[in-house]
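Reading through the C-alpha cells given below for one structure.
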Amino acid sequence: MTLDELKRYVRSKPGATESTPFGPEHLVYKVMGKIFAVVGWDEDPVTMSLKCDPEEVEVVRKVFRAVTPAPYFDKRYWNLVALDGSIPEPELLAMVDDSYDLVVDGLTRARREELRRLGCTAPRSRKA
C-alpha cells in the first residue's frame, strides 16, 4: 500500500479531517475533533499512530514486530505501526478501522448524532 493509498483510505472515513498541527511531517486525522490516526510520512519507514482496544494492545504488539508503543500518546491505548511491509494490508486497514471506531464510540451521544446529521454513517458500536 502506498502512502497516497493509505491517506485516501484514512480520509475516506466518515467525518475524517486531515491537518498538520504537529508540523508538516505529521498528518493528523481526526473525527469530530478527536485524533484517530497520525501518519509520520517523513520517516523511514513511514509510521502511523493508531488507537487500539486496551484489551488487545499487547497482543497486537506481540503478533507484529512492526507495532510498538506510540511515543507521545498513552501507551495503554496507542500503538506506533511501522509501515515496513510486514503487516498484511487487510490487517493494517483493520487497525485503522478499529482506531476510528474506538474514537467515534468514545464521542458523546450528541457528537455521534452530529456526525450522523452531517451525513456520515456511524461505525459499528463496541458498546454493549
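Where a number appears in this text, it was derived from the coordinates with a stated rule and is not lab data. The model shown is predicted, which means the values in this text are computed figures rather than measured ones. A quick note on method: Cβ atoms are made from the backbone with ideal geometry, for glycine too, and the neighbour counts reach across all protein chains shown.
Which order do the peptides 29-40, 67-78 come out in when sorted by mean C-beta neighbours inside 10 angstrom, highest first?
Numbers: 29-40: 19.9, 67-78: 15.0.
Most protected by this proxy first, the peptides run 29-40, 67-78.
What is the projected area of the convex hull of the Cα atoms of the range 3-117, averaged over all directions, in nm²?
If you wrap the Cα atoms of the range 3-117 in a convex hull and average its projections, you get 7.0 nm².
Please work out the FRET efficiency for the pair ASP74 and LEU3, using the Cβ-Cβ distance as r and a Förster radius of 35 Å; give the result to the nearest 0.05. Show your work: numbers first, answer last.
Working: r = 26 Å, r/R0 = 0.74.
E(calc), rounded to 0.05, equals 0.85.
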Quickly work out the TRP41-to-GLU55 label distance, labels modelled 7 Å from Cα along the C-beta direction, and quote it in nm with one decimal.
3.6
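So if I place +1 on the C-beta of Lys and Arg and -1 on the C-beta of Asp and Glu, and nothing else carries charge, what would the dipole magnitude of the chain be about its Cα centre? I want it in debye, nearest 20.
Working: 20 positive and 21 negative charges, 151 e Å.
Using Cβ point charges on Lys, Arg, Asp and Glu, the chain gives about 720 debye.
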Length gained, ASP105-THR20, 0.36 nm per residue minus C-alpha separation, equals 28.2 nm
Phi-based couplings in Hz for the range 84-95 (Karplus 6.51, -1.76, 1.60; Gly and Pro marked x)
9, x, 7, 9, x, 3, x, 5, 4, 5, 5, 5
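Hey, which of these cross-link pairs are over 22 Å Cα-Cα: LYS7/LYS62; LYS13/LYS34; LYS30/LYS62; LYS7/LYS30?
Values: LYS7/LYS62 26 Å; LYS13/LYS34 13 Å; LYS30/LYS62 27 Å; LYS7/LYS30 13 Å.
In this structure, LYS7/LYS62; LYS30/LYS62 exceed 22 Å between Cα atoms.
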